[in-house]
Amino acid sequence: MIRIAVATSVLLASFGAQAAEPYDPITTPAPQAVRAEHAALVGLDQRGDQLLASGVFGTVIEKEGEASWQQLEIPTSVLLTSIDIVDEEHIWAAGHDGVIVQSTDGGKSWQRRLDGYQLLNLEYPWLQAKMTALEAKIAETDDAYEAEELEFALEELGFLMSGLEIQFEVGPTKPFLDIHFLDRSTGFAIAAYGTLLKTTDGGDTWQVLNDKIENPYGYHLNKIVSDQEQRLYVLGEYGLMSRSTDLGESWDTLDTPYDGSFFGGVVDQNGTLWVFGLRGNIFSSSDHGESFQGHFANTNYNLNSGTVLDDGRIVLVGHSGVIVVIEPDTDTITTHTHESSVSIMGVRQLHGNELILVGRAGLQRFTIPTDVTGMKG
Amino acid sequence: MQDNLSVAHAKVPLMERALFAARKLWLFIFIGITAFLLYQAAQVRPDASFTKMIPSNHEFVQNYFKYGDDLASLGNAVRVSVETTEGTIFDADYQETLRQITDELNYIPGVNRSGIRSVWTPNVRWSEVTEQGFVGGPVIPDTYDGSPASLENLRKNVLRSGEVGNLVANNFRSALIYVPLNEIDPETGEQLDYHQFSLNLEERIRAKYQSDKINIQIVGFAKVVGDLIDGALQVGIFFILAMLITFAMLYGYSRCVRSSLIVLLCSVIAVVWQLGIINLIGSGINPYSMLVPFLVFAIGVSHGVQVITAVMAYRVDGAEKLQASRLAFRSLYIAGLTALASDAIGFTTLMVIDIEVIKELAIAASIGVAVIVLTNLGLLPILTSYFGVSQGGIQHLEQARLKQDKVQKWFQHFTQPKWAKPAIAVAVVMAVIGVWQGQSLQIGDLDSGAPELRADSRYNLDNAFMVENYSSSTDIFVVMAETPPGECIAWENMVLMDRFQWHMENVPGVQTTRSITYVSKLGMAGINEGNLKWYSINRDNFVLNASISQAPSGLINRDCSMAPMIIYLNDHKADTLNRVVAEVRAFSAEFPSENLDFLLAAGNSGIEAATNIVIEEAQFKMLVWVYGVVIALCLLTFRSLRTVICIVLPLMFTTIMSQALMAWLDIGIKVATLPVIALGVGIGVDYGIYIYSKMREALAQNMSLSDSYGYALSKTGKAVGFTGLTLAIGVATWIFSPIKFQADMGLLLTFMFIWNMLGALILIPALAYVLKVGPKGKNKEPVM
């Protein structure tokens, strides 16, 4: 069913250019741009020699080994917020207007696998069923207190419903904020307003799992992290953090010591989970989220993303060019500022102390100073 | 010859009788008109109206006019930078000065007070995202007291205000005050007086606050216009200089103070008349048409010289001063009228350039030339008939006649194969090099900053400072995204504008772009805790509205029917502008939309693109016209194709060489330099006409080519040489103008006048030889 829909929209896209149809970024291929490397880039992933960055106007650029960056042909122009290299062949990227794109040939060609219209058709019936069930429950219950609780819950669902209904008028507005695949068949995509999708068949069908995470107000889900034992963590707005140990079928809400938003998380070589976000807050947990320890990085800027280096150090990047380097064994934290001072949204290690960064000014590089000139945290 | 001296000769032309029969009456009429027009001329206003300097009928400019009011708040501002020579701006004394200057600017008429921005105005705020949402405050809080602690706090606020590179220099050694202007005073309804405003900035800001520790830099359109008017007024002084040099030359030529003064007087009267008439027809004098008085003066002098030379010659021959004047008039008035008519027609070909200042220049020049007919062919012989010429002058001429003129003899060589062939060969080689060099000739202005002013002018130094220390370009190209009213921020329009911006950012030569879509995307990230994963145009109009709630004014117009797409360019070279125009059109073709039009073009670079297009089209048309007119006139006068070739080829040679010179000196074809080519050809043809008409007289008497040329040189050689030099000197003073385009005009005209003169004296005889002009078999032997 969804396959047919996808095929139709691909067809529409190829004819879109000829017919005087109104411009829709979902279906219009990404513009090839000489300054693609300088576009605002917000997604970055690495696998071996391959580096991929994604960003505004469907821009995806690739670097393999020592070759220079090349822009890939992407069949959409939405802001691609996240990119995930699963294996040699399988690459996923997700972005605004409910768009998910995939390559099965290592990045040479790309297909649109989901868009916001299809996402609406997934979420709307799902939410409708939820509401009907809840209404039935309210009708059944005799307990006045429970009825009131259920009424509240229904009201919240009503808000989410009206959010969906607006999209039927104006078009899909929901951005995916992260996409993460465990292997070529099982993967997750999270979005604004609490959307959590799962696929077990490589994106042919998607399950809506929004209600599996305790999120009554529909907070944004910003980041999904997995560890070596396939534990999953979802990080979101207002200190939201949830864990799953059964590949996303059930989720436990974790108690976090912070009620600001988390934007990113990494699992280091010791299996310790590090989460970070608004105003330079950093916490770590060595017991899979049962307890957290705060770390001070001497910055008030948002920390957006991070990576673990070969030698076990952790690098976090954030607004105004802030770069935080953590040595987890000694809990030594140094904070640096990239000369550009612009927001940095992604980081990966090139080799040694050489980092590749993406952010508002596109690609950038940074070398972690070997003499410790940064401010100690 | 003796017969001709008789005044009562039967063949006395009507014109001569009409003029000399009532000498006194004419004199009084001339005095009366001069007095009246002097009064008028005194009221001529300098007119540097912006709209007259641009091609106002061009589509781009029409679009710009349509939204001129909406764009005004965006563009018409000056930026005053305050630089400290020691330390950084985080210094109590420095901040006090910055505060004082910010306050002072509030009181300068024309300033839009509510829009002033500096770190000292409350509208400049810092903000950041916290757990509680946005927090922020003015960059300078109420608690500021100049203490080290509050300066440190200021430093922090500046860093998080996002104003580094904008209101604060990247190196923290200067900060600026953004001063938007009201084109029309909201209280009095009066037009902003740019000259006065510029003077106020100089006196009340620069002169008052500049010191060892503080440097002031000021840039902005209003300042350019102010400096332009200032510079144009200085050019007035050059006129006096040109007069003095010309007088010295006249005296050197004639050795007669009396006739030198008469020529000078009549030429000045011609200028007075021209300016008076300009004022009478309700026109003003603009920085381009300021050239006209100089030209009128120089052309007047060159014709006056012809007249007094003739008067003196008849005096040497023994005629009385009245008789001599009448005979001089009789022998010159037809030739003079023809030459002046060709000048005037040459000038009118400038009308093909659809730019008001050039049309005004063409009209002013045509009026000026018409006036010369009256003053220097009419008034001048009347004056000589009263005052005559001095005995010294007559003696000088008598002695000169006895001597063989070496210069004349040297030029005469060019009728001989030994000289003619190499001369032609050299000219051909030079022309080939010239054409090759001319290939690199560019359309438009090539210099950075304000191209109207010199690169080392105060303004352009200030501008270079701004470009170096702040993150902004001064070459701004604006595309107007037009929608039905109320729909400028509809998603389907915004999303297309957004893609347009990215399209343009990828055009070589584009630095960056700004528009409401940029603000909306940043706003989206702002609403979502600064998360750049939201850096996109949202389909939900409520969210979209929220995202632009903090947008600065000017990014959409009042009824939301237009949003300017601001494109910052690296430079304003013609190639860059052409590329930008082409890419805007390409985008519109690729993404046609019913409700959204990307209209070209505003901003200084947008207007310049339009000007370049008009200039490029006019360039060829004008050359065709001016050469067409010149060729037609020569054909009419001489009725010989060979003659036309002899006269026109040297002109074309000059045109080629002047284009090569322009390419070599990096002077582009622009509003200022295009007319110069027409003026150069129009006036340059005079030399050829004078020389060839005398040659023809001799050739008609079956004299050899060499003798005929010798005859022509003896009759007009000196006058041609003198005319070339007077014209050159008249405009050469312009080379020192503080205004770049005036200097360019002066340089090119000087070059063309001298080159045309040499071309006529050398190439006409050489070409005549090559084309075998003259009686057969008589060309080999010079009979001298």
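The values are calculated or read from the model by the stated rules, or taken from the named source; none is laboratory data. Note that the structure is a prediction, hence the values are computed from the model and not measured. All Cβ positions, even for glycine, are placed from backbone atoms using ideal geometry, and neighbour counts span all protein chains on display.
For the reader, a short list of remarks on this structure follows.
- Single residue of B:Ser114, B:Ser147, B:Ser81, B:Ser161 found to be small (Gly, Ala, Ser) and either within 25 Å of A:Gly280 (Cα to Cα) or within 14 Å of another protein chain (Cβ to nearest Cβ) (or both): B:Ser161
- Pair list, Cβ under 7 Å, 6 or more apart: the stretch A:299-317 residue closer than 18 Å to A:Ser341 by Cβ and within 14 Å of another protein chain (Cβ to nearest Cβ), other residue outside any loop (DSSP other than H, G, I, E, B) and among the polar types (S, T, N, Q): A:Thr299/A:Thr335; A:Tyr301/A:Ser320; A:Val317/A:Asn304; A:Val317/A:Ser305
- Residue under evaluation B:Phe620, criteria (1) surrounded by 19 or more Cβ atoms within 10 Å (Cβ to Cβ); (2) in a helix (DSSP H, G or I), criterion not met: (1)
- Here A:Phe292, A:Phe366 are screened, and the one residue that is free of Cβ contacts under 8 Å to residues at least 40 places away in the same chain and away from chain B (no Cβ under 14 Å) is A:Phe292.
- Residues that are away from every other protein chain (no Cβ under 11 Å), of a type in the set (S, T, N, Q) and under 13 Å from A:Leu235 (Cα atoms), drawn from the stretch A:254-283: A:Thr256
- Selected residue (criterion: surrounded by the most Cβ atoms within 10 Å (Cβ to Cβ)) from residues of the stretch A:325-356 that are hydrophobic (A, V, I, L, M, F, W, C) and within 13 Å of chain B (Cβ to nearest Cβ): A:Ile344
- Residues that are surrounded by fewer than 17 Cβ atoms within 10 Å (Cβ to Cβ) and in a loop (DSSP other than H, G, I, E, B) within the stretch A:107-151 comprise A:Lys108, A:Ser109, A:Thr141, A:Asp142, A:Asp143, listed in sequence order.
- Filter result (aliphatic (A, V, I, L, M) and in a loop (DSSP other than H, G, I, E, B)) within the stretch A:88-106: A:Val99
- Some residue of the stretch B:330-346 being modelled with pLDDT of 90 or more, touching a helix residue (DSSP H, G or I) at 6+ places or on another chain (Cβ under 9 Å) and basic (Lys, Arg): no
- For the stretch B:625-654, the set of residues classified as surrounded by fewer than 22 Cβ atoms within 10 Å (Cβ to Cβ), β-branched (Val, Ile, Thr) and touching a residue at least 60 places away in the same chain (Cβ under 8 Å) consists of B:Val629, B:Thr637, B:Ile645, listed by residue number.
- Within the stretch A:73-88, considering residues that are surrounded by fewer than 24 Cβ atoms within 10 Å (Cβ to Cβ) and free of Cβ contacts under 8 Å to residues at least 60 places away in the same chain, the one nearest to A:Pro31 (Cα to Cα): A:Glu73
- Residue list for the stretch A:39-69, restricted to those being more than 14 Å from chain B (Cβ to nearest Cβ), assigned to a strand (DSSP E or B) and touching a helix residue (DSSP H, G or I) at 6+ places or on another chain (Cβ under 9 Å): A:Val60
- Within the stretch B:404-444, tally of residues that are part of a helix (DSSP H, G or I), surrounded by 13 or more Cβ atoms within 10 Å (Cβ to Cβ) and in contact (Cβ under 8 Å) with a residue 40 or more places away in the chain: 19
- Evaluation of B:Asn506 against (1) facing chain A (nearest Cβ under 8 Å); (2) buried (at least 19 other Cβ atoms within 10 Å of the Cβ); (3) out of contact with any Leu (no Cβ under 9 Å at 6 or more places or on another chain) (one fails), failing number: (2)
- Segments classed as strands (runs of 3 or more DSSP E), wholly inside the stretch A:155-243, with at least 1 members that are in contact with a strand residue (DSSP E or B) (Cβ under 6 Å, 6 or more places away or on another chain) and small (Gly, Ala, Ser): A:187-191, A:221-226, A:232-236
- Qualifying residue in the stretch B:186-201 (condition: among the hydroxyl-bearing types (Ser, Thr, Tyr), touching a Pro at 6+ places or on another chain (Cβ under 9 Å) and surrounded by 13 or more Cβ atoms within 10 Å (Cβ to Cβ)): no
- Residue in the stretch B:541-563 that is at the interface with chain A (Cβ under 10 Å from one of its Cβ atoms), among the acidic types (Asp, Glu) and surrounded by fewer than 24 Cβ atoms within 10 Å (Cβ to Cβ) present: no
- Residue within the stretch B:479-495 that is in contact (Cβ under 8 Å) with a residue 24 or more places away in the chain, within 14 Å of chain A (Cβ to nearest Cβ) and under 21 Å from B:Gly606 (Cα atoms) present: yes
- The requirement of being within 14 Å of another protein chain (Cβ to nearest Cβ), more than 17 Å from A:Ser82 (Cβ to Cβ) and modelled with pLDDT of 85 or more is not satisfied by A:Gly116.
- The stretch B:571-594 residues that are not assigned by TED's automatic domain parsing to the domain that holds B:Phe500 and surrounded by fewer than 16 Cβ atoms within 10 Å (Cβ to Cβ), paired with ones that are of a type in the set (Lys, Arg) and part of a helix (DSSP H, G or I) (beta carbon under 8 Å, 6 or more apart): none
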